[in-house]
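A quick write-up on the structure given underneath.
The values are calculated or read from the model by the stated rules, or taken from the named source; none is laboratory data. What you are looking at is a predicted structure, and each value in this text was computed from that prediction instead of being measured. A quick note on method: Cβ atoms are made from the backbone with ideal geometry, for glycine too, and the neighbour counts reach across all protein chains shown.
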Amino acid sequence: MNDTTITFEIDGIEVHGREGQTIMGAADTAGIYIPRLCAFEGLPAFGSCRVCTVKVNGRFQSACTQPVAEGIMVENDTDELLEFRRNIIDMLFVEGNHYCMFCEKSGNCELQALAYRFGITAPKYPYMFPADRNVDASHKDVFIDHNRCILCARCVRASRDLDGKNVFQFVGRGPGKRIAVNSRANLADTDLEVTDKAVEVCPVGAILRKHVGYTVPIGQRTYDHEPIGSDIEANKQ
Amino acid sequence: MAKPKIATTSLAGCFGCHMSILDIDERILQLVELVDFDKSPINDIKEFTGECLVGIVEGGCANEENVRVLQDFRKHCKILISLGDCAISGGLPAMRNTIPLQECLDEAYLNGPSVHNPSGRIPNDPEIPLLLDRVYPCHEVVKMDYHLPGCPPSADTIWQALVALLTDKPMELPYDLFKYD
Amino acid sequence: MSENLERIVTAVCESFGNDRTRMMDIVRELQETQRHISDDAMDLIARQVGTYRVEVESVVSFYTFLSKKQKGNIVIRLCDDIIDRMYGFERLKQTFCDALGIEVGETTADGLITLETTPCIGMCDQAPAIMVNDEIFTELSRDAAIDIIDQLKAGVAPERLLRKLGDGNNSCPLVSAAVSNNIRRRGEVIFAPLECGRSLKKALAMSPNEVIRDVKTARLRGRGGAGFPTGMKWDFTRAATGEKKYVVCNADEGEPGTFKDRVILTERPELLIEGMAIAGYAIGAQEGIIYLRAEYAYLRPFLEDVLQKARNMNMLGSGVMGKQDFDFDIRIQMGAGAYVCGEETALISSCEGLRGDPKNRPPFPAQKGYLNCPTSVNNVETFCCVARIVDQGAGWFSQIGSKGSTGTKLLSIGGDIRRPGVYEVPFGITMREVLDMAGGENAAAVQVGGPSGQLIGPDMYDRIICYDDLATGGALMVFGPERDLLQVVEYFMDFFIEESCGYCTPCRVGNVLLKDRLDKIIHGKGEPSDLVYLEELGTSVKATSRCGLGQTSPNPILSSLKNFHALYLAKVKEDQPFQPTFDIHQALGTAKEIAGRPSMHFAE
């Protein structure tokens, strides 16, 4: 260990991180999975979904934005935090219109996979069935289904920071907040291309490529057999 | 000692969950060792003959008939299970929840691209149950005790859940059986 | 795209240096002159300042005083606050709707007048109140409302509407507002007589570190509500490295029930400016920004004038008061209707011409604030305290108040009391003493610190107003015995739903769920488990929300559950463990109407 190594604890386990690293980043390396939705490797931290909420020295923080610091005590896998995270997943399910049974993303969807990991058989909150979520199928290769959007801003960040375009941004606020595109109305009128990173990063089925749905059979999809986070947990020494 | 009884019904569903019940195949012989079937499409008993231990409900509530049946199940069953996504969330039928009822009927009977309806009338026989303003998940209408997700839940899911219930074990599904599709 | 619009947009953008960080000013000005920011205008702005159209739209769609939809030349905004609701809001709304022949949210057919409602405009001590464009009218009777409409219809401009001018500077020509100060108690800090420039002069005779040391010795804590030690904040900002540093005054007094900053801005703006200049000197900043809420736009010409006078006196500008290497000036940044911008990082976003989304912390504003430069954001009252501390000494200040909470606090008191208004009291005073002072002996409940604070009852009136007990940014809303407190709570939840920025899940979704469940209880459909649901969900939203808004938004429910539990118990049906919100008759209503026949299973 060199001088710049920062040592701290997650649930009593000693973890090492580097200056400037987030708790999530250090935890990943240590093989400790902290559930997440908006966080995505290669994109700047956003901190909106709050699924990665941990307790740092007794204070709630999002692990994707909170930097590591020497000697901090992080709680991750506690009943309290698991309950809060489950509540957030439930909120996201009832906030939109999520029809897993026919969604092309099913089996590869990170929201669904989290619900599986948390063993959610039904959300504890009533479904809102929002009526103001439309589908934009104007683009020849890509569509947006706002019913499924969880407002994680991965597309916003990827388009801006990786594609250098700025196709997506939020409009409205509060419960009326939505993803909008950089044109008067339609995705077709933007410079989005099917090869853009922004198309790939959506954790749910809100931004999908056309013509390629349902190609992977059930049983071979990402989360069919192993819970989300298993890859990170495999790093554990 | 008399065997506990099971009842099943399909509300606003497609009977796919019932097909999945039948998919337990030869295990159905073990099941009838454990339980008797009361009201159910499987045996075509139309009305409850007595109190049941378990009621299995497929589909959500889309019309007044669904509500009446569900309330009847609640009355007669000690344990109620929402079987499948429609019972749990309204499922596919709930796609109409974001559209006003009149528009739904107009689209279905008058304006839809495949509609041939020279009379221009929307069916309104007194025998047709009135639709609810939207499709309701079962647990928003009566208290449901368990939820088994899936579209449909696999036969293994149903089998494991039932066996757990009938043998007083906790109802825990292995990861592989936990699906919303 | 009309050439005319192109010319106008270009001119507006140019007047702000085609600087996209001045987006708030650009869109505000276009809203004012064009009455909306059209699709064409958004395209033009984006092109002119070199940004993306969707970035412009994201700003326009965030603030309630901006709109894509064309509004009337005159926008009447009825203050829809809980206190206004107690004092005739509904009746007044009906009067306006009837007289204008439109509903709230609509514009008259001739395109002249748009009618809207807006949350607390900071006039709780003189409810009901309205805004007519930037002009404020308070204690509005039905007749006065009709008179205003008649004048507007006759072509009188809002700024020329007849009004009875308020006391103090409210009647000075640059304010000309029908607003009263209602200063009921003057303390020795804020409302004591002022000799302009004296404290700034004293500060400049010290070293910046000495100034900060004095603020620390005085144990001054932030007056906005959070109570962070001001000296420490300044230390951090001073120590941080940055090409430039900024002082920002949070005059986005949006917490419903608060109006004390409005009175400071009217009566003690010089003290504020001195405080800001002292802050600039202490942390090494050359620029200050006053973020003024849109509802206080009527004060802007007056404040600009005060700033100009300060420049003339060399209290601002280059070489402030002869101090060779200290340049400092202040600009006013107008808000555009967003409560969340009172949160300091959201306020900074707004100053930068962005949506009022709070920022991730760390980095804190002291390290990376406005335009990524070290920034100290302080409340109006805090700056004023600083000026007095420098003038009168840290020892003098710290002897006022209580040990952990030094100095005085301005309280904005409204509701069911005989003497609503602003009270400058020393910290350490009990709620009972405050209520006696304000004529609220019969208070059944007091909302301390606005909706984000707590609701307390008579058994807690011996509690003390200070940072360690009843902490408050200054708002006290008093409710008499005849008020329905659950309706108050419901109103507050509506407010938070309306004002959430929507960035994080728990605040965006959780508050809606909390409100729905509260409604269920209020409508007599509550079951005992609903109280557990509220408690658990509220706790969850508080713990996981990203900023102060979501971290406090469940407080109305949680504090009333705790302090007024009986109100909830009276509503839930103990003997009926399952009470669905589902109502078969309501659910069948539309179908019965369409089919023209009754239900076969469920008789009425």
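Filter the stretch C:582-599 down to residues that are at the interface with chain B (Cβ under 7 Å from one of its Cβ atoms) and part of a loop (DSSP other than H, G, I, E, B) and give me whichever is nearest to C:ILE522 (Cα to Cα).
Top of the filtered list is C:PHE582.
Of all residues in the stretch C:549-585, count the ones that are surrounded by fewer than 18 Cβ atoms within 10 Å (Cβ to Cβ), free of Cβ contacts under 8 Å to residues at least 12 places away in the same chain and either of a type in the set (Lys, Arg) or under 25 Å from C:GLY254 (Cα atoms) (or both).
1
Going through the stretch B:83-101 one residue at a time, which ones are within 7 Å of another protein chain (Cβ to nearest Cβ) and touching a Leu at 6+ places or on another chain (Cβ under 7 Å)?
Of everything in the stretch B:83-101, just one residue is within 7 Å of another protein chain (Cβ to nearest Cβ) and touching a Leu at 6+ places or on another chain (Cβ under 7 Å), namely B:LEU101.
How many of the residues in the stretch A:119-152 are surrounded by fewer than 23 Cβ atoms within 10 Å (Cβ to Cβ), touching a residue at least 24 places away in the same chain (Cβ under 8 Å) and over 30 Å from B:GLU103 (Cα atoms)?
3
For the stretch B:147-156, which positions are more than 11 Å from every other protein chain (Cβ to nearest Cβ) and within 12 Å of the chain's Cα centre (by Cα)? First the steps, then the outcome.
First, pick out the residues of the stretch B:147-156 that are more than 11 Å from every other protein chain (Cβ to nearest Cβ): B:155-156.
If the condition is that a residue be more than 11 Å from every other protein chain (Cβ to nearest Cβ) and within 12 Å of the chain's Cα centre (by Cα), then no residue fits.
With the checklist (1) surrounded by fewer than 22 Cβ atoms within 10 Å (Cβ to Cβ); (2) assigned to a helix (DSSP H, G or I); (3) not aliphatic (A, V, I, L, M) in hand, flag the one item C:PHE496 doesn't pass.
Of the numbered conditions (1) surrounded by fewer than 22 Cβ atoms within 10 Å (Cβ to Cβ); (2) assigned to a helix (DSSP H, G or I); (3) not aliphatic (A, V, I, L, M), the odd one out for C:PHE496 is (1).
Which ones in the stretch B:157-181 are among the charged types (D, E, K, R) and more than 10 Å from every other protein chain (Cβ to nearest Cβ)?
Answer for the stretch B:157-181, where residues must be among the charged types (D, E, K, R) and more than 10 Å from every other protein chain (Cβ to nearest Cβ): B:ASP168, B:LYS169.
Inside the stretch B:62-114, can you point out the residues that are assigned to a strand (DSSP E or B) and over 25 Å from B:LEU165 (Cα atoms)?
Let us first name the residues in the stretch B:62-114 that are assigned to a strand (DSSP E or B), namely B:62-63, B:77-83.
B:ALA62, B:ASN63 - these are the residues of the stretch B:62-114 that are assigned to a strand (DSSP E or B) and over 25 Å from B:LEU165 (Cα atoms).
From the list A:GLY229, A:GLY119, A:GLY164, A:GLY205, pick out the single residue that is over 16 Å from C:SER58 (Cβ atoms), more than 8 Å from every other protein chain (Cβ to nearest Cβ) and over 16 Å from the mean Cα position of the chain (by Cα).
Values: A:GLY229 fails: over 16 Å from the mean Cα position of the chain (by Cα); A:GLY119 fails: more than 8 Å from every other protein chain (Cβ to nearest Cβ); A:GLY205 fails: over 16 Å from the mean Cα position of the chain (by Cα).
None of the others qualify; the one that does is A:GLY164.
Away from every other protein chain (no Cβ under 11 Å) and more than 15 Å from the chain's Cα centre (by Cα): which single residue out of A:ASP132, A:ASP145 fits that description?
Working: A:ASP132 fails: away from every other protein chain (no Cβ under 11 Å).
One residue alone meets the criteria, A:ASP145.
Could you grab me the full set of residues in the stretch C:493-539 that are small (Gly, Ala, Ser) and facing another protein chain (nearest Cβ under 7 Å)?
First, pick out the residues of the stretch C:493-539 that are small (Gly, Ala, Ser): C:500, C:502, C:510, C:524, C:526, C:529, C:538.
Correct list: C:SER500, C:GLY502, C:GLY510.
What tally of residues in the stretch B:111-145 results from selecting those that are within 20 Å of B:LEU92 (Cβ to Cβ) and within 14 Å of chain C (Cβ to nearest Cβ)?
Here is the first cut: in the stretch B:111-145, the residues within 20 Å of B:LEU92 (Cβ to Cβ) are B:112-115, B:129, B:131-141, B:144.
Of the ones still in play, those that are also within 14 Å of chain C (Cβ to nearest Cβ) are B:129, B:131-141, B:144.
So the answer is 13.
Return only the number of the condition from (1) more than 13 Å from chain B (Cβ to nearest Cβ); (2) of a type outside the set (Gly, Ala, Ser); (3) closer than 21 Å to A:CYS202 by Cβ that A:TYR99 does not satisfy.
Unmet for A:TYR99, out of (1) more than 13 Å from chain B (Cβ to nearest Cβ); (2) of a type outside the set (Gly, Ala, Ser); (3) closer than 21 Å to A:CYS202 by Cβ: (1).
Give all pairs with beta carbons closer than 8 Å in which a residue from the stretch C:263-292 that is assigned by TED's automatic domain parsing to the domain that holds C:GLY122 and part of a helix (DSSP H, G or I) meets a residue that is of a type in the set (Val, Ile, Thr) and surrounded by fewer than 24 Cβ atoms within 10 Å (Cβ to Cβ); count only pairs at least 6 apart in sequence or on separate chains.
none
Out of the residues in the stretch A:37-50 meeting the condition of being among the aliphatic types (A, V, I, L, M) and more than 8 Å from chain C (Cβ to nearest Cβ), tell me which one is farthest from A:LEU114 (Cα to Cα). Even if it seems obvious, please write down each step before you answer.
Within the stretch A:37-50, the subset among the aliphatic types (A, V, I, L, M) is A:37, A:39, A:43, A:45.
Those left that are additionally more than 8 Å from chain C (Cβ to nearest Cβ): A:37, A:39, A:43.
Values: A:LEU37: 9, A:ALA39: 14, A:LEU43: 20 Å.
My answer is A:LEU43.
Just give me the residues in the stretch C:13-48 being among the aliphatic types (A, V, I, L, M) and away from every other protein chain (no Cβ under 14 Å), in sequence order.
At the first step, the residues of the stretch C:13-48 found to be among the aliphatic types (A, V, I, L, M) are C:23-24, C:26-27, C:30, C:37, C:41-42, C:44-46.
Once the filter is applied, which keeps residues that are among the aliphatic types (A, V, I, L, M) and away from every other protein chain (no Cβ under 14 Å), the stretch C:13-48 yields C:MET24, C:ILE26, C:LEU30.
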